[in-house]
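J.: Structure in structure tokens, see below.
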Amino acid sequence: MDDSFDPTFLTADVDVDFDFLRAQTQYQDDINNCWISEGQAEEITDPSDFPCAADWKDDAPDIISNTVVTVDKARIHIWKQGKTEIRIIRTVWGEDHPTFDTLATRIFGPRSKLFHLFEDELSLSYEKYCRFLATFFAASSRSSPASRLLEDNRFDSTGMMEKMEYYRLIRQIEEHRSGDESLWMQIEELFNSLVKKHFLSERGEEELYIALDDDKHHFNYSKQADTYGLQRMRHIKTNRMGHTAHTAGLSATGMPLCVMFQREDEAQSQVYERMCKKMFGGRTGNGYPNLQGITFGSDRGYWTPTLLFLFLLKCGADVVGTVARCFWYPFTFTKGKVTAIPEVDTHNRIEIRMKGAKDVFYKTLKWGPSAKIRATCYRPGTGTAVSLAMSTLHHGPLFDLNLSFPKDHKWYFNRTVLQDERNAKAFPVVAGSDHYDIIKALPIRPLTLVQGDTAWFIMRQFSLTSSTVDKCISSRCREITQDHALRESYETVLKAVDRTNLLPRRSDYTDARNNNNSTNNNNNTDRRGRNVLDDIGGDSDSSDDEEELPTPAIDWASNWIRRVNEGEDGLFRDRLNSTMEESTIRGIIDKHDNAKSTGSISSLKKKLKEWSELSTYLHRKYFFYSVPQLKDRILELDGQAVVTGKNKNALFDLVVRCQRKRIGRNTTLNNNQDPYNGEEDDEDDVDTVDPVLLDIFKASKMKPLKDEAKAYCRQGHLLERPFLEQFHQHSKEGLTRGYKSIAIHETPVVESTSITGALDSSDAELIYKKEDHAANDSGSDTNDDDDIAIETMPIGIKARVAHSTFYSERQLIEANLGLAAYERGEPYYVEIDAEGGELHKWIPKHKESFQLLHHVAVRDARKGLFLVGNKTKVMFGVFVTYSDNLIASYRALLEDLFDRALKPFYEADQHLQLPKEKIERILQAKEMKKLNMTYHSFQTDYYVWRQLRIKKALQLPIPPCNRILPYNHSVWNNLKGASDTATKLMWNCQIKFASSGRSQVVAFAKFLQLYSILLHREYQIATAKTDLNFYASLHHFRNTRNKNYPFHKTVDRISVWFIKNADDAVAAAAAAVPPTPPTTALTVDTGGPLVRTPPRVQRFSNPRGSPFQEIRNYTTITGGTPGKGRSKNPTNKTAAYDEDHQRLNTCEGDLYWTKQIKKCSICDTNSNYVCLGCKRWYCIKSRDEKFYNMILKSDSRVAFIEDGERPPSELVIHGVANDRSTKEFCTVDMDAITCGTVNQDHILPRH
């Protein structure tokens, strides 16, 4: 435990250590009887006279298509509200920039009601009132108890109240009552009346947003403690006891409007009613106030039905805020797992599961003649929370994008900024000079400013990005038959990225043609069988082997395979067991894929017998496949198939079904029909899920990364800029194969202007010139490169941060350039042709080579750069050149994928018809089940995306965004700061008292702090710019005000202001009293110049540093050399002694703190301070107190004049001298001088 800990100090606003078990056992009676009243319990649970869940109505089915998306609209609206609030305050002031003294005098001055409260109830003069509050706010600004602060030698307490007097006043505040009212009730009334006068008196008809909240005070009172009318509370979340203050504040400026503590036997709704009547009611405060134009915002748990339906809505107020689960709200949520038999909600509310895709649910309630409440249930998709909200202002499916940096308001909402200037912000320069004019000529358009933010995730949905194309091309390739129009384009692209295995083999199409002609084949089976028998010269019963020998022109292996497939399997088995030649047997087996004919004839005959007994030709086709080969083939045929187990018969059946599905699907596609329309769902051999569209859905809903992957990803993004700068330097050094870097620009997500639906997110754009090495070698002038055309290419960067990826890249360098290549420590740059066969050697991962091709094709370029680095530097770079045919083929591939799967999502509103059945089957697929998406959640995402991509509802490019919220939630997030920041200010500058456990001092101190917060807010507004349009947003306004005038600085300035006012009050009182000559004069021998109290200094800006300057005192000598035992008053005084004594008397050395404690040379008080000049010990008590103690103790160094007796009246140190000066003085006598007055600097020592 810290040595400074004092258990007598109780904290009003800060958590203190709390023993839960002790509280439960000691205060069990209080827990059962006092924490919540019967009225509150009935108010929360009684559904009578209130709406129920059945009264709320659903939206029309097509309302979701009217989704509206905005950017920071809630913040803009609150800033408009802030301007209104500031205009009202300036109207009350009558000026725009009142001074601090003006504002402080109005709140704390001698004519304030706060001072009159202290004067009437506590009998304090204005001077004592100022000194008490100076001490209070000085301690508050330093979050320290006043006792510790006053005892701290580093702190200058000049002008503050003495420690014991301060705590006597605190004890008086604790115990004070005035009739039936406690002192805290009186200051509560004064504060709320003052705030109403300062703001609401000039409101007029302006609309206001007011935030309601509660401030929970932690106070560990005893069971028998008197709470002075405050309600005993147990704060559930923190499990603490204490009291609750309900606050109302302006939503924008944070100005407190009304604060009331919850009183004994009072419900929460009753407190809010009292507050509303106080703010907007009449003089009596008993009638219902007119709340038209007032919008109240409150957090969940505070919207009781009594307050909402019987008071606020009845008085005409609007409401916005979050809601707790309650009987009258139409939605509820559960945290547990879904059970087989779900529990029935007793109030018939709709139950929303926490675990599910991001979604928003709406219902509407009409209440009374005009009120209409919109209920919004928002599930963020994290699986940990569901937020319930309501509003009477905002209806319909509204969403608000929240900008990450409010400073972007300045340019994004400025209509004078041209589109070219906006687009240029999306391509910031990394190295070189700005060449945006080259980039804007590319067929791309920026959609966002950065990658990886919320807008980026929304934009890339239902689009052809590089990762999306990489996923869905394998499914699409299964549909590209040999005679497909784009077969050649697919072969060209897949050959370049080494993925030709995705295209179906020719034998598959032979099977498809056989399937198409199966009817004709079956009809001619018998005839064809007889013809063959006729050809071989015998019937099935013939045993003459010589007659059955075929002519040399017949391929007997193929002939027997055809005959078995046509139904002559019995004849085949007869010939197999009798006269079939070995070459024919081995030939039949060789005709099958993955079959081996190297075994013995007996084993081969056994296999062929089993082969011939199979039911269909497809079963016979895959008979010789092993289990792993069957699994691979199944996935080639159908990427959605579930391949598990080792049962070969089950795999046979599965591969046959997949083959039939492919045959039927391709046949349907060739007939220009949709095979996934769900009309033949009962047939096992028909696909129910569109594989291409499924891959697009999977790519649109990216899986969240794990913590380790996030760390690697974040580190990789941080390395991109250093790698680009390194490449630019390598270009200057001539290491980049003749490619001279002119400029490098970062890139956001961009869309192609020539290919619908194509998006790309490369890492950078390289602006370069290509130097001719041959010309350089021939000795031509290479300095003049003005004739070289400036071109651009996209850059892809991969940072190999993990050890495994780093060593794989190192092995790649060593494999391509030799074992010693990496040890040289230099970067390598190579230039290759994408179709030359070397691409796979340098970029072995298909996904990365596909990604670079996508970057180049979207820009319709011909070159791309692929950079690879480790944790610190670039390891190698690959310049890849693509042919015109390859780029044209890939662009045709993109157009084909768009027409195949995405076209319905891009249709205009009048032609939009989403394939609902197809989408629902996709959402129920195994790959999508983990997302827990429903068709409703899909619609929510889709129509938000459609607003951004299709309707272009927002100005592009969009600045960085950190979230997208339903508009009701976004408004509440901006409203709730009023009361939250007030609480935060008080937590930053805490109030701490030495208290015996009374609650009144906690509430009283709370209002004293609220007075300082009121002054703080007003002074921030007073120092703001006259033209409020200077501030781009409310965040900009708050940020500049808080940086220039933080709260602790305001509180400290208040303390200084009180000290000055106290000193001025003393001086004014002294000036008003006529001077009277002293009845007795005295001489005070201090042994040297007086100890002066150092001037008060301001607090440093660093709160953790020492807040005070070094203390400097003027002291005298001790009369002897320390440690030598020399007498202080020697009997033989020499001239040297006189000179030394005179030098010591005029010593102005600094005091130095030591661990050694000795007596002060003036007042004999224990002290740790020694003068560095004269080596005497001195304490730092004030001069007045020293003189006062010396006189009362009849110190020998004090001489009384005339009769030598003590003066009959009290010694006056501060007064008026004969010369009418008001400087500090005391009366002394020097030889012939009697009853004279001299200034303190002229006091001489007594010999």
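J.: Expected output is a single nm value to one decimal: the length gained when fully extending between Asp180 and Ala60, i.e. 0.36 nm times separation in residues minus the C-alpha distance. What is it?
T.: 37.4 nm
J.: So, one more: Lysines near Lys732 by alpha-carbon distance under 27 Å, same-chain residues fewer than 8 away left out - which ones?
T.: Within the straight-line limit of under 27 Å, Lys732 reaches these lysines: Lys425, Lys440, Lys740, Lys769, Lys770, Lys798, Lys863, Lys871, Lys873.
J.: Same structure, new question: How big, in percent, is the set of alpha carbon pairs in the stretch 885-963 lying more than 15 Å apart?
T.: The proportion of pairs with Cα distances above 15 Å equals 70 percent.
J.: While we're looking at this one, here's another question. Taking R0 as 25 Å, what FRET efficiency do you get between Asn962 and Val417 from their Cβ-Cβ distance, rounded to the nearest 0.05?
T.: Working from the Cβ atoms, E equals 0.65.
J.: Determine the gain in length on full extension of the stretch Lys916-Thr667; use 0.36 nm per residue of separation and subtract their C-alpha separation, reporting nm with one decimal. Present the calculation step by step, with values, prior to reporting the outcome.
T.: On the way: separation 249, 0.36 × 249 = 89.64 nm, distance 2.38 nm.
Going from the current span to full extension adds 87.3 nm.
J.: For the stretch 906-920 and the stretch 368-431, what is the centre-to-centre distance using only Cα atoms, to the nearest Å?
T.: Computed from Cα coordinates, the inter-centre distance equals 26 Å.
J.: Given R₀ = 45 Å, what would the calculated FRET efficiency be for Trp367 paired with Met702, taking r from the Cβ atoms and rounding to 0.05?
T.: That pair, Trp367 with Met702, gives E of 0.60.
J.: Mind listing the phi-derived Karplus ³J(HN,Hα) values for the stretch 101-113, rounded to whole Hz, using 6.51, -1.76 and 1.60 with θ = phi - 60°, and x for any glycine or proline?
T.: Here the 3J(HN,Hα) series is 4, 5, 5, 5, 5, 5, 8, 10, x, x, 9, 6, 6 Hz.
J.: Multiply the residue gap between Lys596 and Ser754 by 0.36 nm, knock off their C-alpha separation, and tell me the result in nm, one decimal place. Can you show the working numbers first?
T.: Numbers: separation 158, 0.36 × 158 = 56.88 nm, distance 5.19 nm.
In short, 51.7 nm is gained.
J.: While we're here: At Ser626 and Gln924, where each label point lies 7 Å from the Cα along Cα→Cβ, what is the point-to-point distance in nanometres?
T.: 3.9
J.: May I pose another question? Place a label point 7 angstrom from the Cα of Asp909 along the Cα-to-Cβ direction, then list the residues of the stretch 62-78 whose backbone nitrogen is under 20 Å away.
T.: What the label zone holds, given the 20 Å backbone N cut-off, is 62-71.
J.: Residue by residue through the stretch 735-744, which ³J(HN,Hα) values in whole Hz follow from phi under the Karplus form 6.51 cos²θ - 1.76 cosθ + 1.60 (θ = phi - 60°), with glycine and proline marked x?
T.: With the stated coefficients, the stretch 735-744 comes to 9, 9, 6, x, 8, 9, 6, 9, 7, 10 Hz.
J.: In Å, what Rg and Dmax follow from the Cα atoms of the stretch 1009-1049?
T.: 10.5, 31
J.: If you look at just the Cα atoms of the stretch 807-921, how large are its Rg and its Dmax in Å?
T.: In order Rg, Dmax, the Cα atoms of the stretch 807-921 give 19.8, 65 Å.
J.: Around His246, which amide H atoms from residues at least 5 apart in sequence, or from another chain, sit under 5 Å from its own amide H, with H modelled in the peptide plane?
T.: Asp215, Met260, Phe261, Gln262
J.: Could you pull out the pairs from Lys113/Lys976; Lys83/Lys976; Lys196/Lys277 whose alpha carbons sit more than 20 Å apart here?
T.: Lys113/Lys976
Coordinate-derived values only; no laboratory data. Please read all numbers here as calculations on a predicted model, not as lab measurements. Positions of Cβ are generated from backbone atoms using ideal geometry, with glycine treated the same way; all protein chains shown enter the neighbour counts.
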